[in-house]
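The block underneath contains the structure these notes are about, expressed in structure tokens.
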Amino acid sequence: DRSNRYKAGVDSSDSRRRREESGLSVRKNKREEGLAKRRQINDKPDETSVAAVPGVVAAGGGALVPAIASPGGTPAAAPGAKRTFTAEDIPSLNQSIRSADPAEVLQAVKGFRRVLSIEPSPPVHEVLATGVLPMFVAMLGRHDHQELQFEAAWALTNIASTDQTRQVVDAGAIPSMAQLLLSPSADVREQCAWCLGNVAGDGPELRDLVLQQGALPPLLQNLVQPANISMLRNAVWALSNFCRGKPQPSLESVAPAVPVLAQIVSQQDDKETLMDACWALSYLSDGDNDRVGAVVASGVVPRLVALLGHASPSVVTPALRTIGNIVSGDDGQTQAVVDAHGLEAIAPLVTHVKKGIRKEACWALSNIAAGSRAQITSLLEHQEMISAVLKALASDEWDVRKEAAWVVSNVATGGAHEQVFALAKNHGGAVVPAICSLLDVQDSKVLLVALDALEALLKCDSRSSGLLQVPTAVDECDGLEKLELLQEHENETVYTKSVNLIESYFGADDDEDGGENIAPAADGNTFSFGLPAGAPTAFGGQCAPPAAPGFGAPVAPLAGGFNFNASSFNFSNAAV
């Protein structure tokens, strides 16, 4: 049982970790993911442009303001050709919308939706005070007048983009919007998808209401056969909101979206579409192994791994988040990422210019390190990546250092003896100083992670007859002094563990072998472990002279050199 191999300081269930979210991280995630609501302000340009770029501004209350066209794709009029509406026009618009003249009613609805597009704060309360909201909802049923449906849906979309989303729901707009996702008019379908995305983006309660009203199946139809690129982008964004938020929607209610999203991610190259589709997959895979399994079973993992090399961080971030969620699953799900060359794709992200990506990369690696022994071997074979993790542990920003600490600790505490030995030996003087750099931090949980890693290295060194000289390395980087100070720590577990480490590994010299010392010995071009303590304790039959003490003291090389990889490292005789 793998759980039995882990340390006592940090519970074994923590070794493979789901995402931790605090209030701050939730706010930051919203900025990374894109805002949950969008409001429109003007007519959409040609169909090839990005709907959320040319006419987009940040609106009050966290809305984005993209553009959309009137039915038939009528181009926007020249500047100055349209009347500018203000809150002062609301009384006259209220009078016109109640006219018996259909043309006057249509113009009034257009006027209202322009008023509702005023930046930075549309006068939504003043509009709602006129009592026109039920009229907008009723207009959704005018199947004989698609332009009126479209304008009413647009006005409702802008109301739903504010803090008055509940008013749209209470007015009964959701069932009609869901039905209009199958309208003959592509513009009406797109507008209703947009409005439903705003409603779902308000929070879990309204999101679940949208799902209960049957909006998901017709939305998926628009994704399978989108009318145009604008429809695809907006429908994928709406779908991401259908999957977003905690508590999460039930897997059963959103499972049909998984294969559709997998198809979109695999076939599309449009950046906006990829970004929102990857965010949707990240929401769907965030949770228990059933959720992870649904995404893995879709066959999308290789494409997600490929997207880790995308030129845009806005695509890399959600693809990496999804990969991180997958490797937080069981060993089989983690192996799907490893088999898709996920380690090779994650490696350069450890040194990415964006801190958030470096943090997510280390988080993903920490979960792979919490996997099977074979997965730890795969991790250790990427020596440059491990070196980058150690550098991040020693000197990166705090959020990244914490995740890097879990990578090293999970290898050290979960790996076999020969794997821990290889971690220390292949990375010379970097690993112990990096771990000891954490011994004076304030975070007790991170302290325990570091102490567990240090204990594992000290134990490995003891079993290897002191070849690694870990105690010397600890002392040389002031780690022993930090350990002594931890004996005064307020956290009882930190105190106990630091005392035990000092007593066990930094006390008086002890000449007793006790059978615990297991020295690696050379056999051809491989290393084997498990020799008795009295056997030769040299690499290649001889050791370097003991004149230069310290971590990684010189050892005479083998003819084949010391290289930790599948072809040169022999696990067959290893003592585990």
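The values are calculated or read from the model by the stated rules, or taken from the named source; none is laboratory data. Fair warning: this is a prediction, and the values are worked out from it, not measured in the lab. For neighbour counting, all protein chains shown are included, and Cβ atoms are generated from backbone atoms with ideal geometry for every residue, glycine included. Note: accessible area is taken over every heavy atom of the protein model, side chains too, but ligands, DNA and RNA are not part of it. Shrake-Rupley method; radii C 1.70, N 1.55, O 1.52, S 1.80 Å.
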Can you pull out every residue in region 154-213 that is under 20 Å from Val127 (Cα atoms) and of a type in the set (Gly, Ala, Ser)? Ala155, Ala160, Ser161, Ala171, Gly172, Ala173
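Kindly establish whether Thr273 is more than 17 Å from the chain's Cα centre (by Cα) and of a type in the set (Val, Ile, Thr). Outline the logic, then answer.
Numbers: more than 17 Å from the chain's Cα centre (by Cα): yes; of a type in the set (Val, Ile, Thr): yes.
Criteria met by Thr273.
Consider Ala277 carefully, then state whether it is under 20 Å from Asn222 (Cα atoms) and buried (at least 16 other Cβ atoms within 10 Å of the Cβ). Spell out the reasoning first.
Values: under 20 Å from Asn222 (Cα atoms): yes; buried (at least 16 other Cβ atoms within 10 Å of the Cβ): yes.
Here the answer is yes, as Ala277 does meet what is asked.
Kindly establish whether Ala430 is more than 24 Å from the chain's Cα centre (by Cα) and surrounded by fewer than 23 Cβ atoms within 10 Å (Cβ to Cβ).
When the stated conditions are applied, Ala430 passes them.
Taking region 93-138 on its own, how many of its residues are open to solvent by 40 Å² or more (accessible area, probe 1.4 Å) and either closer than 28 Å to Gln179 by Cβ or polar (S, T, N, Q) (or both)? Give the steps one after another, and end with the answer.
Within region 93-138, the subset open to solvent by 40 Å² or more (accessible area, probe 1.4 Å) is 95, 98, 100-104, 107, 114, 118-121, 125-126, 129, 134-135, 138.
Still in the running and either closer than 28 Å to Gln179 by Cβ or polar (S, T, N, Q) (or both): 95, 98, 100-104, 107, 114, 121, 134-135, 138.
Qualifying residue count, region 93-138: 13.
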Can you tell me which condition Ser395 does not meet? The list is (1) within 15 Å of Ala453 (Cα to Cα); (2) small (Gly, Ala, Ser); (3) at pLDDT below 95, and all the others hold. (1)
Lone qualifier among Gly371, Gly415 - being farther than 18 Å from Gly324 by Cβ, buried (at least 22 other Cβ atoms within 10 Å of the Cβ) and more than 18 Å from the chain's Cα centre (by Cα): Gly415
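Filter region 280-293 for residues that are open to solvent by 10 Å² or more (accessible area, probe 1.4 Å), within 17 Å of the chain's Cα centre (by Cα) and more than 22 Å from Arg233 (Cβ to Cβ) and give the result.
To start, the set of residues in region 280-293 that are open to solvent by 10 Å² or more (accessible area, probe 1.4 Å) comprises 283, 286-291, 293.
If we keep only those that are within 17 Å of the chain's Cα centre (by Cα) too, we end up with 283, 286-289, 291, 293.
Residues satisfying the conditions are Asp286, Gly287, Asp288, Asn289, Arg291, Gly293.
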Per the list (1) farther than 26 Å from Glu397 by Cβ; (2) over 29 Å from the mean Cα position of the chain (by Cα); (3) aliphatic (A, V, I, L, M), residue check on Val420 breaks on (2)
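Where residues in region 255-274 are small (Gly, Ala, Ser) and either assigned to a helix (DSSP H, G or I) or in contact with a Cys (Cβ under 6 Å, 6 or more places away or on another chain) (or both), which of them is surrounded by the most Cβ atoms within 10 Å (Cβ to Cβ)? Reasoning before the result, please.
Taking region 255-274 and keeping what is small (Gly, Ala, Ser), we get 255, 257, 262, 266.
Now drop any that are not either assigned to a helix (DSSP H, G or I) or in contact with a Cys (Cβ under 6 Å, 6 or more places away or on another chain) (or both), which leaves 257, 262, 266.
Working: Ala257: 25, Ala262: 21, Ser266: 15.
Checked region 255-274; the qualifying residue surrounded by the most Cβ atoms within 10 Å (Cβ to Cβ) is Ala257.
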Over region 384-393, the set of residues open to solvent by 50 Å² or more (accessible area, probe 1.4 Å) and either of a type in the set (Gly, Ala, Ser) or not in a helix (DSSP H, G or I) (or both) is Ser387
With Arg207, Arg244, Arg291 as the choices, which residue is out of contact with any strand residue (DSSP E or B) (no Cβ under 8 Å at 6 or more places or on another chain), at pLDDT 95 or above and closer than 21 Å to Val327 by Cβ? Arg291
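If you take the residues in region 186-202 that are in contact (Cβ under 8 Å) with a residue 60 or more places away in the chain and in a helix (DSSP H, G or I), which one is surrounded by the fewest Cβ atoms within 10 Å (Cβ to Cβ)?
The first filter runs over region 186-202 and keeps only residues in contact (Cβ under 8 Å) with a residue 60 or more places away in the chain, leaving 187-188, 190-191, 194, 197-198, 201-202.
If we keep only those that are in a helix (DSSP H, G or I) as well, we get 187-188, 190-191, 194, 197-198.
On the way: Asp187: 26, Val188: 24, Glu190: 29, Gln191: 27, Trp194: 29, Gly197: 30, Asn198: 28.
Across region 186-202, the extreme among qualifying residues is Val188.
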All but one of (1) within 23 Å of Ala280 (Cβ to Cβ); (2) within 31 Å of the chain's Cα centre (by Cα) hold for Gln164; which doesn't? (1)
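Tally the residues that are assigned to a helix (DSSP H, G or I) and under 22 Å from Glu418 (Cβ atoms), restricting the search to region 436-482.
Of the residues in that region, 17 qualify.
Yes or no, residue by residue, for (1) free of Cβ contacts under 8 Å to residues at least 60 places away in the same chain; (2) of a type in the set (Ser, Thr, Tyr); (3) open to solvent by 50 Å² or more (accessible area, probe 1.4 Å):
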residue: Asn410; (1), (2), (3): no, no, no
residue: Leu423; (1), (2), (3): yes, no, no
residue: Ile435; (1), (2), (3): yes, no, no
residue: Asp461; (1), (2), (3): yes, no, no
residue: Leu468; (1), (2), (3): no, no, no
residue: Pro471; (1), (2), (3): yes, no, no
residue: Leu485; (1), (2), (3): yes, no, yes
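Can you confirm whether region 158-173 contains a residue that is assigned to a helix (DSSP H, G or I) and touching a Ser or Thr at 6+ places or on another chain (Cβ under 8 Å)?
Checking region 158-173: at least one residue is assigned to a helix (DSSP H, G or I) and touching a Ser or Thr at 6+ places or on another chain (Cβ under 8 Å).
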Just to be sure, is Ala160 under 20 Å from Leu209 (Cβ atoms), surrounded by 23 or more Cβ atoms within 10 Å (Cβ to Cβ) and in contact (Cβ under 8 Å) with a residue 60 or more places away in the chain? yes
Exactly one condition in (1) more than 27 Å from Leu209 (Cα to Cα); (2) modelled with pLDDT under 95; (3) of a type in the set (Gly, Ala, Ser) is false for Ser117; which is it? (1)
